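The values are calculated or read from the model by the stated rules, or taken from the named source; none is laboratory data. As the structure is a computational prediction, the values presented were derived from the model and not from experiment. FYI the Cβ positions are ideal-geometry reconstructions off the backbone, even for glycines, and counts take in every protein chain you see. What goes into the accessible areas is simple: the full protein's heavy atoms, side chains included, and nothing from ligands, DNA or RNA. Shrake-Rupley method; radii C 1.70, N 1.55, O 1.52, S 1.80 Å.
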Amino acid sequence: MALWFDAIEVGAPTPELDLHVNLWRDLSADFNFLDVGFRLADPTNLLRFHLFFPVPVGLASISDLGATLRYGETLKAVFNDPVVAGSGNATSYPTEIDGKPHLTVQMLDVGRDLATEPLAMTPVDGTIVTFGDGLCDRMRATGGCSYVRIRIHLDGRARDLFSTEIAAGDWRLTTATSVTETTEFRFNERRSYPDAVARRIGDSVFAIGRIHYFLIRDLEQQLTGQHSPLRNVRRLEPALWTPYLQGEPIRTGTWRAPAKVISRLAIYHWSTTFGSDDGPPSFTAFASFRSARVHLSIYAVAIVLLGAMGSVLAAVLSARLGTASIPGSQPLLPRDGRVNRTNLEQRGGLLPRRSDRRRRASLQGGEHRRRSGAQHASLRSRKADHGRSR
């Protein structure tokens, strides 16, 4: 990103500015939010100012957060101070801390106060967002310190504008892998933006006093490294941040973030203060995170393969058990479902062997002959006795 301004009078004092950046990750698999706030101490010499993004950004992706800050305790959450909104009008309202004037929040009409200009780049086009004369006129008319805050909805190619994922090389062979994600935010780093932007910036750089950069991540993402020590880390308070992330009270075209999502988020804070002798201000924040990712497709393939192997094994066992153990034998249960008596007899099954049947038949025949002989002898004896008696 790069930021510069157009002066009303060349050689007049440079406008002073504090920059607030919130990068919201892990809200959805399809998009991220980038919130940018500009705290301008004295806009007297400010005609207009410009913000460069190295990706395509349309006006439809930009929304104003001025009205959102006024809702509930959102001002307290954003400024980390007991800031209270006062009465104002349709374009701005004052704020106070402990009854003392703090700053004036400017509310934007995106279609009127902002303009986008595509910039040809490789591999994708960039965008210059211009905050126009009308907004700067209102700030000068208000006097004192003014605050402007916008949200850029990062989707499509812009979703991973600041992040890169690095997965393990063997992830296709495992059901779960470790994924490393690097997030790098660069601001006013001259070697990072194209020559066309460098020529337009020239010496028109704000006198930046402080940059606050906040990275919001899911608690499942484990911070493994950063370029410099953090100022602090804390969990987000759902009661304070839910209205801000939802876009209350302006709900049209905003994402409805449930409180349970916010309760899973942690905020990492880096900040840098610049002195008058530090030269052109630039800022870089690098952080790497690690998380585990489960590959459900691998589970599905494994289940299918195990099922197929089980079916093949069952078929092999069925074929083995259904074939005689001696050469030339026949299956017990052929495909027609009828019992093979010969094979069953040879295996010592329920049917007796043929030799056993013959032996039993012979024994039964001898017993029958003995019984018949005895019966005949008894009949002849009774006949003889009957003849003598007569």
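For region 27-39, the criterion of being at pLDDT 95 or above and open to solvent by 30 Å² or more (accessible area, probe 1.4 Å) is satisfied by at least one residue. The single condition from (1) of a type in the set (Gly, Ala, Ser); (2) part of a strand (DSSP E or B); (3) at pLDDT 95 or above that residue 134 fails is (2). Scanning region 59-73 for residues that are under 11 Å from residue 110 (Cα atoms) and not hydrophobic (A, V, I, L, M, F, W, C) turns up 61, 63, 64.
Taken together, 156, 144 contain a single residue that is closer than 26 Å to residue 63 by Cβ, over 24 Å from the mean Cα position of the chain (by Cα) and not charged (D, E, K, R), which is 144. If you go through region 68-84 and keep only what is open to solvent by 30 Å² or more (accessible area, probe 1.4 Å) and touching a Pro at 6+ places or on another chain (Cβ under 7 Å), you end up with 71, 72, 76.
Checked against (1) modelled with pLDDT under 90; (2) closer than 28 Å to residue 92 by Cα; (3) in a loop (DSSP other than H, G, I, E, B), residue 154 passes all but a single condition, namely (3).
Flag set for residue 142, criterion: modelled with pLDDT under 95 and out of contact with any Leu (no Cβ under 7 Å at 6 or more places or on another chain). Restricting attention to region 13-59, the residues that are over 26 Å from residue 272 (Cα atoms) and of a type in the set (Gly, Ala, Ser) total 3. Can you spot a residue in region 136-151 that is on the phi > 0 side of the Ramachandran plot and surrounded by fewer than 18 Cβ atoms within 10 Å (Cβ to Cβ)? Checked region 136-151: at least one residue is on the phi > 0 side of the Ramachandran plot and surrounded by fewer than 18 Cβ atoms within 10 Å (Cβ to Cβ). Has region 98-118 got at least one residue that is within 20 Å of residue 1 (Cα to Cα), of a type outside the set (Val, Ile, Thr) and open to solvent by 60 Å² or more (accessible area, probe 1.4 Å)? Scanning region 98-118, I find at least one residue that is within 20 Å of residue 1 (Cα to Cα), of a type outside the set (Val, Ile, Thr) and open to solvent by 60 Å² or more (accessible area, probe 1.4 Å), so the answer is yes.
For region 175-192, a residue qualifies if it is open to solvent by less than 50 Å² (accessible area, probe 1.4 Å) and under 16 Å from residue 21 (Cβ atoms), and the qualifying residues are 183, 185, 187, 188, 189.
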